[in-house]
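S.K.: Below you'll find the structure I mean.
The values are calculated or read from the model by the stated rules, or taken from the named source; none is laboratory data. Only a predicted model underlies this, so the values are computations on that prediction, with no experimental measurement involved. Every residue, glycine as well, gets a Cβ built from its backbone with ideal geometry; the counts of neighbours run over all protein chains shown. Calculation scope for accessible area: heavy atoms of the full protein, side chains included, ligands and nucleic acids excluded. Shrake-Rupley method; radii C 1.70, N 1.55, O 1.52, S 1.80 Å.
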Amino acid sequence: MTEKRSYHHGDLRRALLVAAAEAIAESGPAALSLRDLARRAGVSHAAPAHHFGDKAGLLTALAVEGFHRLADALDASRAETGSLLESGVTYVRFATENRAHFEVMFQPSLFDQEDGEVIAARERAGAALSAGVSTLDEPPPAEGARETELAAWSIVHGFATLWLAGAFPDPLGDNAGDAARPIIRRLFD
């Protein structure tokens, strides 16, 4: 029997975002409905619409939160390790530990790409990714920096996406970050 949680007080917006992340982790973003979200949170069916307007508004808020979480994780990794490799591992771990956010963040058709908060959060996450390239012992020349950033992002994002999809033909272990480390290291060879 499933225990029904009910919202009683506090930050309803936060409670709805948490419930949305749980629902997306279970069934994906396409299956999310505001009515189901209200049921999960134990509130009236109108409550999610009151806070987010519609499903796209909810997913916009989730994307903003995800981009900020990613930026925080990358900034912390860079400050702690000063390593692009470890920033890449952090990216993969972020994807696996924040699957719902990750799935929404990189499906721009799900949310309002022109929302000012989305733009600022996405730029912040992009800057955190770019800053990782500056930690290389031999940073690329200015004219090659963008390509190096895109190569690093492509490797870690591709690995994370394949891991989440269960698409690797051979088991790589239980820890996505540890499995990604030797693959990301290829970037430096």
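S.K.: Name the residues in the range 165-177 that are closer than 26 Å to GLY126 by Cβ and open to solvent by 30 Å² or more (accessible area, probe 1.4 Å), would you?
M.R.: ALA165, ALA167
S.K.: For ASP112, work out the one condition from (1) in a helix (DSSP H, G or I); (2) touching a helix residue (DSSP H, G or I) at 6+ places or on another chain (Cβ under 9 Å); (3) without any contact (Cβ under 8 Å) to a residue 60 or more places away in the chain it doesn't fulfil.
M.R.: The failed condition is (1).
S.K.: Tally up the residues in the range 25-49 that are of a type in the set (Ser, Thr, Tyr) and over 20 Å from VAL104 (Cα atoms), please.
M.R.: Here the count works out to 1.
S.K.: Residues in the range 89-97: is at least one among the β-branched types (Val, Ile, Thr), under 26 Å from GLY28 (Cβ atoms) and surrounded by fewer than 21 Cβ atoms within 10 Å (Cβ to Cβ)?
M.R.: Yes, there is a match, as at least one residue in the range 89-97 is among the β-branched types (Val, Ile, Thr), under 26 Å from GLY28 (Cβ atoms) and surrounded by fewer than 21 Cβ atoms within 10 Å (Cβ to Cβ).
S.K.: So, one more: When residues of the range 132-161 are filtered for being under 21 Å from THR96 (Cα atoms), among the aliphatic types (A, V, I, L, M) and either crowded, with 16+ Cβ neighbours inside 10 Å or touching a helix residue (DSSP H, G or I) at 6+ places or on another chain (Cβ under 6 Å) (or both), how many remain?
M.R.: Looking only at that region, the number is 4.
S.K.: Report whether or not LEU85 is under 18 Å from the mean Cα position of the chain (by Cα), of a type in the set (A, V, I, L, M, F, W, C) and within 30 Å of ASP137 (Cβ to Cβ).
M.R.: Considered against the rule, which asks whether it is under 18 Å from the mean Cα position of the chain (by Cα), of a type in the set (A, V, I, L, M, F, W, C) and within 30 Å of ASP137 (Cβ to Cβ), LEU85 comes out as no.
S.K.: May I pose another question? With respect to VAL104, is the statement that it is at pLDDT below 95, open to solvent by less than 20 Å² (accessible area, probe 1.4 Å) and touching a Pro at 6+ places or on another chain (Cβ under 7 Å) true?
M.R.: no
S.K.: For the range 38-79, give me each residue that is open to solvent by 50 Å² or more (accessible area, probe 1.4 Å) and under 16 Å from GLU22 (Cβ atoms).
M.R.: Correct list: ARG39, LYS55, ARG69.
S.K.: Restricting attention to the range 1-57, which residues are part of a loop (DSSP other than H, G, I, E, B) and either of a type in the set (A, V, I, L, M) or at pLDDT 90 or above (or both)?
M.R.: MET1, GLY28, LEU32, SER33, VAL43, ALA46, GLY53, ASP54
S.K.: Further, regarding this structure: What single numbered condition from (1) within 22 Å of GLU65 (Cα to Cα); (2) in contact with a Pro (Cβ under 6 Å, 6 or more places away or on another chain) fails to hold for GLU117?
M.R.: (2) is the only condition that GLU117 fails.
S.K.: Name, by its number, the condition in (1) in contact with a Ser or Thr (Cβ under 6 Å, 6 or more places away or on another chain); (2) closer than 22 Å to ALA165 by Cα; (3) surrounded by fewer than 15 Cβ atoms within 10 Å (Cβ to Cβ) that does not hold for GLY82.
M.R.: Going through the list (1) in contact with a Ser or Thr (Cβ under 6 Å, 6 or more places away or on another chain); (2) closer than 22 Å to ALA165 by Cα; (3) surrounded by fewer than 15 Cβ atoms within 10 Å (Cβ to Cβ), GLY82 breaks only (2).
S.K.: Also, I was wondering about something else. Could you please let me know if ILE183 is over 30 Å from GLY53 (Cα atoms) and touching a Phe, Trp or Tyr at 6+ places or on another chain (Cβ under 8 Å)?
M.R.: Answer is yes for this residue.
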